[in-house]
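J.: One structure, pasted below without further comment.
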Amino acid sequence: MDIHEHQAKDILKGFGVPVPKGFVAYSPEQAAYCARALGGAGPWVVKAQVHSGGRGEAGGVKLCKTDAEVMDYAASLLGTRLVTKQTDAQGKGVYRLYVEEASDIAQELYLGFVLDRKSERIMIVASGHGGMEIEDLAHEDPDSLVRSVIDPAVGLREYQARDLGFRLGLTGPQVTQFVTFLQACYRAYRDLDAMMVEINPLVITGKGDLVALDAKMSFDTNALYRRPQVAALRDPGQEDPREAMAADNGLAYVGLDGDIGCIINGAGLAMASMDMIQLAGGQPANFLDIGGGASPERVCQAFRTVLSDRNVSVILVNIFAGINRCDWIAKGVIRAYTDVGIEIPVVVRLSGTNVEEGRKIIRESGLPIISADTLAEAADRAVAAASQKIAAE
Ligand code: ADP
Ligand code: MG
């Protein structure tokens, strides 16, 4: 789960990371008020709060010299969608801004804490060359990258942090600041079950101090149950609406670009079904795992989620029931016709627990459901129905 820059800065500040002073604003008037409340004569930096990096390049970060300029810029940004290198063509809605004091930048560094799956440890990646995205950095200046893996038994050691500082070319009191900075980030990462902490840029100011000018944090969704304070930071407005709806209903859903909607049990079978659809010449519109023991209501909700995607022209239901029951699934499919309203072809393949009852329910429903016995058959029929629909249109 991602959070906003202002939330990440708030968290990191609590752990002792130096960040510029700033306020969140939801309207142009409030943005101008925030600027005045920050004191001084400016300048201020106004930043779009969206779950994406690359905002600067996309016009979502601006240095403003007067509070009138803050207000004008805020008015031009709020309510729009910001398309960055990291978003899709729809971009992300800008509903809040962060107004902060401008920092005097002498040098920009890159700092990231990530989970290194190979060593199964948290790894620090840093570079004396900040401001650009890590992917570009790895491509354009790979030699500038320094890495260090943290041993969970002892945590981030001081000498380890100091060594990284020296490798980045820091000297004197900056190294001491860097050690404190890294240890604070590490504690935030570890204590809150983060998956990523990225400070890009970490700047050295004209006075020689270290400040986190940007902050990005991402959290392990599987650990949110024990981090209610983190879970509360979720902003569904930044999520794919289809995925947000699914998450609210406990369904594992990932939206894709094709037109064949999938309702499947088990992540493995869902992946296999998507492969089979592609093999048959079609494109899946989504990944969806309804999970085990799915009730008819849950199946109905899966239909609602899949149908919320306007590109879907056929639905493929593929169930290999172990804990699930084919009769419940069949009842759910039938209920979806009345409760959700289905006007597109539906292909159903059932096997496993209570399969005979399930098939009987489908057969006797009198609904135009296309049945299939095997996965290959189901995929073929779904693709055929999709192309027939396209031909008819
Ligand atoms: P993004 O990574 O989404 O583009 P950043 O927060 O990194 O957004 O901002 C982009 C650039 O804007 C930074 O690299 C920095 O040069 C500048 N910037 C951001 N915040 C400030 C600030 N408070 N003071 C001065 N410059 C800033
Ligand atoms: Mg940045």
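J.: Considering only residues that are surrounded by 17 or more Cβ atoms within 10 Å (Cβ to Cβ) and either out of contact with any Gly (no Cβ under 8 Å at 6 or more places or on another chain) or at pLDDT below 90 (or both), which ones fall in segment 112-132?
T.: Gly112, Phe113, Val114, Ile122, Ser127, His129, Gly130, Gly131, Met132
J.: Looking at segment 36-60, which of the residues that are of a type in the set (D, E, K, R) and buried (at least 16 other Cβ atoms within 10 Å of the Cβ) is farthest from Ala75 (Cα to Cα)?
T.: Within segment 36-60, the match that is farthest from Ala75 (Cα to Cα) is Arg55.
J.: Here's something else I'd like to know. How many of the residues in segment 171-206 are in contact (Cβ under 8 Å) with a residue 24 or more places away in the chain, buried (at least 19 other Cβ atoms within 10 Å of the Cβ) and more than 26 Å from His51 (Cα to Cα)?
T.: So the count comes out to 1.
J.: Kindly check whether there is at least one residue in segment 20-36 that is within 16 Å of ligand 2 (Cβ to nearest atom), part of a loop (DSSP other than H, G, I, E, B) and at negative phi.
T.: yes
J.: Are there any pairs, at least 6 apart or on different chains, whose C-beta atoms fall under 7 Å, with the first in segment 212-225 and within 27 Å of Gly22 (Cα to Cα) and touching a residue at least 12 places away in the same chain (Cβ under 8 Å) and the second within 16 Å of ligand 2 (Cβ to nearest atom) and among the hydroxyl-bearing types (Ser, Thr, Tyr), and if so, which?
T.: Close Cβ pairs (under 7 Å, with a partner that is within 16 Å of ligand 2 (Cβ to nearest atom) and among the hydroxyl-bearing types (Ser, Thr, Tyr)) amount to Leu213/Ser103.
J.: Would it be correct to say that Thr87 is more than 10 Å from ligand 1 (Cβ to nearest atom), at pLDDT 95 or above, β-branched (Val, Ile, Thr) and not assigned by the TED database to the domain that holds Thr221?
T.: Criteria not met by Thr87.
J.: Could I ask something else about it? Cβ-Cβ distance below 7 Å, separation of 6 or more or different chains: which pairs start in segment 23-35 with a residue that is more than 8 Å from Ala74 (Cα to Cα) and end on one that is modelled with pLDDT of 95 or more and basic (Lys, Arg)?
T.: Val24/Arg96; Ala25/Arg96; Tyr26/Arg96
J.: Condition first: touching a helix residue (DSSP H, G or I) at 6+ places or on another chain (Cβ under 7 Å), under 27 Å from Phe178 (Cα atoms) and not aliphatic (A, V, I, L, M). Can you find one or more residues in segment 63-70 that meet it?
T.: No: zero hits.
J.: Another one. Give the residue, chosen from Val340, Val355, that is among the β-branched types (Val, Ile, Thr), in the same structural domain as Ala376 (by the TED database), surrounded by fewer than 23 Cβ atoms within 10 Å (Cβ to Cβ) and farther than 21 Å from Thr374 by Cβ.
T.: Val340
J.: So, restricting to helices (runs of 4 or more DSSP H) that lie completely within segment 122-209, which ones have at least 1 residues that are under 30 Å from Arg234 (Cα atoms)?
T.: 134-140, 173-191
J.: While we're looking at this one, here's another question. Quick check on Asp141: is it touching a His at 6+ places or on another chain (Cβ under 7 Å) and either loosely packed, with under 12 Cβ neighbours inside 10 Å or modelled with pLDDT under 95 (or both)? Walk me through how you get there before you give the answer.
T.: Numbers: touching a His at 6+ places or on another chain (Cβ under 7 Å): yes; either loosely packed, with under 12 Cβ neighbours inside 10 Å or modelled with pLDDT under 95 (or both): yes.
Spelling it out, Asp141 is indeed touching a His at 6+ places or on another chain (Cβ under 7 Å) and either loosely packed, with under 12 Cβ neighbours inside 10 Å or modelled with pLDDT under 95 (or both).
J.: Filtering segment 37-68 down to residues that are within 16 Å of ligand 2 (Cβ to nearest atom) and part of a strand (DSSP E or B), which residue is nearest to Ala102 (Cα to Cα)?
T.: Residue satisfying both the conditions and the ranking: Val45.
J.: Out of segment 152-171, which residues are within 23 Å of Asp191 (Cβ to Cβ) and hydroxyl-bearing (Ser, Thr, Tyr)?
T.: Tyr159 - this is the single residue of segment 152-171 that is within 23 Å of Asp191 (Cβ to Cβ) and hydroxyl-bearing (Ser, Thr, Tyr).
J.: Still on this model: Let me confirm something: among Gly268, Gly292, Gly282, Gly261, which residue is surrounded by fewer than 22 Cβ atoms within 10 Å (Cβ to Cβ) and either in contact with a Cys (Cβ under 8 Å, 6 or more places away or on another chain) or not in a helix (DSSP H, G or I) (or both)?
T.: Criteria check complete, one pass: Gly292.
J.: Kindly indicate which of Asp104, Asp72 is away from ligand 1 (no atom under 11 Å from the Cβ), at negative phi and among the charged types (D, E, K, R).
T.: Asp72
The values are calculated or read from the model by the stated rules, or taken from the named source; none is laboratory data. If you're wondering where the values come from, they're calculated on a predicted model, not measured in any experiment. Every residue, glycine as well, gets a Cβ built from its backbone with ideal geometry; the counts of neighbours run over all protein chains shown.
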